[in-house]
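Written out below as structure tokens is the structure these notes cover.
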Amino acid sequence: METKIFKVEDKARFKWQNLPFSLRIYYNYLLRQVVELDKDVILPLPGSNDLTPSYYNRNLCLALLAEVPPPASVAKGKATDAEKNAEAAAKASADPGGNTDLYAAFKLNMLVCTPDKDDRLIDHFCRPKFEYNRIMGGLGATQTPTGGKLNFNLTTSGLTVGAVLWLYFYERMGIFKILNALMNDHNYHGKYPISAKIANEDFQNGYARIMENLSLLYRMGLSSNLRDRICLYERVLGVTIENNLDVRCERNNGFMRTYNRLLDHMLEYYKAKQLAQAIQTANNNSIRSSVATQTAIRDTMQVLRQHFEPLEYGRNLVTTFTGIATVYATICLLRLVKDEIGVPRQYDSPEEFIPAAYDILVLNRPVTPSETNRYTIHDNCATYGYRLLTDIEFADLSQFSTHGQSGVLDKWLDDVEGLVEGYRNAFSAISEPASAMV
């Protein structure tokens, strides 16, 4: 018998296609450009030593996917009437001279977009796909004491509180400050040779289209702005970054206190279990997990989930998605424009060019190596925190009974041990306080 640990109610969750259509048009176009420009980064060439960046890894976070398989009906040659009509319209639009651009766009959409049920399959009506696909940590066994199996599978395309935490740590990484510096220079200051030259009826540089799209979103008031994100962090996570905007909103103060208390209980559990394992090795005794600590962990998880509700208030969901989309666009833009701003050319990976760009654009100093890598420690906090909070949000706590050794809770705790310790280690390595971000 198989026991599912997570209750996935994905249909009831806020997803990318739930954004207002008028807003989604602009971000769809932007993210389609990002996916096209990042295709070699997302999917490294066979035999290459390059690795897919963590923010594009669906096993680590709610990642923007490069490719989405066509609907099963299309793949099997059994397209619906709507799909057949859209394809026929695209074919009919090809002029006698052989211009099949629209049809080619349709075929591309079937590959990299998941169409909405009522939308035509053309560029502005498609949406990129975000997905998180959980994998086991490798520490917990899948067998229960009764011989059954534990199913740790979890796949979602919807927002969780973990996505807000992910965005918060990318904010602390300095992504939005880097974007602000690039936008100011491109629009006003002109310190760096960021080109907008047109050649062959298109921008000469790949980054120019991304830069102009982001500039347009800011000028139209559709961008991810600082005031919205400050309110998001305060209302959902109960944390803030220093600012002079005089933002006043309800702060979810209990979230971080409860989250940190949960981490303390879990670390205490791991420490006690490691000690018990050492004693077992010496005396050949069986291990018994602390029922009291397990009870404290389960009870604290229940309290923590009560603090998840503010995510669904106001514009928090919309703000989260537009913020995540802007992170992808900014990192793509930065990778393409790094030569123009003076980042060494050999810096090809995010852990190299993002800290270098922060030194140049934000701190106004030459690239300076430091004891810790700015990208790595913040990304670790973001990805470990996202995975742990998403587990807690989806977990069926009724199955987390405190039976001590080999219970469901015991197995789950073993499975997420790397997430808990990885998060705490990365967070302790961040020397820059959140107050330095604005």
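Given the pairs 129/338; 11/411; 39/129; 129/177; 4/129; 177/338, which span a C-alpha to C-alpha distance of over 20 angstrom in this model? Checking Cα-Cα distances, 129/338; 11/411; 129/177; 4/129 exceed 20 Å. Projecting label points 7 angstrom from Cα along Cα→Cβ for residue 271 and residue 309 puts them 3.4 nm apart. The order of the peptides 427-433, 178-184 by mean Cβ neighbours within 10 Å, most packed first, is 178-184, 427-433. Sum up the charges of everything whose Cβ sits under 11 Å from the Cβ of residue 335, counting Lys and Arg as +1 and Asp and Glu as -1, but leave residue 335 out. Charge balance near residue 335 sits at -4. Pull out a ≥ b ≥ c, the square roots of the eigenvalues of the alpha-carbon gyration tensor of segment 282-377, then state rounded if a/c is under 1.5, prolate if not and a/b is larger than b/c, and oblate in the remaining case. Oblate shape, in that a/c is at least 1.5 and b/c is the bigger or equal ratio. Per-residue Karplus couplings for segment 181-190, computed as 6.51 cos²θ - 1.76 cosθ + 1.60 with θ equal to phi - 60°, are listed in order as 5, 5, 5, 4, 5, 5, 8, 10, 6, x Hz, Gly and Pro entered as x. Ignoring ligands, DNA and RNA, what percent of the accessible area of segment 225-343 is carbon or sulfur (1.4 Å)? Within segment 225-343, the accessible surface is 45 percent carbon and sulfur.
The values are calculated or read from the model by the stated rules, or taken from the named source; none is laboratory data. Since this is a predicted model, take the numbers as computed values, not measurements. Backbone-built Cβ (ideal geometry, glycine too); neighbour counts: all protein chains shown. Each accessible area value is taken on the protein alone, full model and side chains, heavy atoms only, with ligands, DNA and RNA left out. Shrake-Rupley method; radii C 1.70, N 1.55, O 1.52, S 1.80 Å.
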